Amino acid sequence: MSSSSMAGSDGESIGNCPFSQRLFMILWLKGVIFNVTTVDLKRKPADLQDLAPGTNPPFVTFNGEVKVDVNKIEEFLEEKLTPPRYPRLAPRHLEANTAGIDVFAKFSAYIKNPRKDINEGLEKALLKSLRRLDDFLRTPLSEEIDADAAGDLPESTRSFLDGSELTLADCNLLPKLHILKVVARKYRGFEIPEEMMGVWRYLNHAYQREEFTSTCPAEREIEFAYLDVAKRIK
């Protein structure tokens, strides 16, 4: 299996693309051996133009068949790469699929806005979205609750959205959440609040997993990708 990803600023290293990292994480978690081809969009090779005309990375080739839609690629991998040889990665708790679903959109609106008069409102909207994610991560899943215990529910101690292991939901959200952390700090001086302990626990556990760190672009590549995207407040 081979995968094509957008190249970084040097035209060779892995560039900033949360969709590519999502697929790399899935393949890594599945235990699939795969080759990565980085594509400099300024000099897209003719063979790749023929392979997937009119599209930009990421795309995957499997047994000579080209897949270009990230969601469809994910579905295809989960359907084709099944137990007992490959693990299932779909979350057991359906709510994990929608946790943090609007965080990246709120971040994008915030970082692309040049207007001082609406900046505060956009930042508040981003914080509200992050707070919902934090609440989800701090709320215990059903298996963390002792039905016989009295008193208040304990705070969740899980590592990821669906429990102790990475799932498809994490492959989707974590690359975007990391981009948010890096870019908002660089271009807005914005930090995810320390009191959002659920979000920080989530990120810190991700940073301990090779499936995430080895597929993540360098921070300088993420910052470079947003050099012209992040608007200066006027």
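Within the range 69-89, the residues that satisfy the criterion of being surrounded by 15 or more Cβ atoms within 10 Å (Cβ to Cβ) and within 18 Å of the chain's Cα centre (by Cα) are VAL70, ILE73, GLU74, LEU77, GLU78, LEU89.
Scan the range 91-125 for residues that are in contact (Cβ under 8 Å) with a residue 60 or more places away in the chain, assigned to a helix (DSSP H, G or I) and of a type outside the set (S, T, N, Q) and the total you get is 9. For LYS181, the stated conditions do not hold, so it cannot be described as at negative phi, not in a helix (DSSP H, G or I) and not β-branched (Val, Ile, Thr).
Whenever a residue of the range 209-225 is more than 14 Å from SER20 (Cα to Cα) and of a type outside the set (Ser, Thr, Tyr), its partners that are open to solvent by less than 60 Å² (accessible area, probe 1.4 Å) and not in a loop (DSSP other than H, G, I, E, B), lying with C-beta atoms within less than 7 angstrom and at least six residues away or across chains, give the pairs GLU219/VAL182; GLU223/VAL182; GLU223/VAL183.
Take the conditions (1) surrounded by 15 or more Cβ atoms within 10 Å (Cβ to Cβ); (2) in contact with a Leu (Cβ under 7 Å, 6 or more places away or on another chain); TYR187 misses just one of them, which is (2). Residue count for the range 77-111, restricted to those that are farther than 30 Å from GLY121 by Cβ and β-branched (Val, Ile, Thr): 1.
Would the range 76-84 turn up any residue that is touching a Pro at 6+ places or on another chain (Cβ under 9 Å) and either closer than 23 Å to ILE179 by Cβ or at pLDDT below 90 (or both)? Checked against the condition, which is being touching a Pro at 6+ places or on another chain (Cβ under 9 Å) and either closer than 23 Å to ILE179 by Cβ or at pLDDT below 90 (or both), the range 76-84 yields no hits at all.
In the range 135-150, is there at least one residue being touching a Gly at 6+ places or on another chain (Cβ under 9 Å), at pLDDT below 95, assigned to a loop (DSSP other than H, G, I, E, B) and open to solvent by 20 Å² or more (accessible area, probe 1.4 Å)? No, because not a single residue in the range 135-150 is touching a Gly at 6+ places or on another chain (Cβ under 9 Å), at pLDDT below 95, assigned to a loop (DSSP other than H, G, I, E, B) and open to solvent by 20 Å² or more (accessible area, probe 1.4 Å).
The values are calculated or read from the model by the stated rules, or taken from the named source; none is laboratory data. Keep in mind the model is a prediction, meaning the values are calculated, not measured. In this analysis, Cβ positions are derived from the backbone assuming ideal geometry, glycine residues included, and neighbour counts consider all displayed protein chains. Side chains included, ligands, DNA and RNA excluded: accessible areas come from the protein's heavy atoms. Shrake-Rupley method; radii C 1.70, N 1.55, O 1.52, S 1.80 Å.
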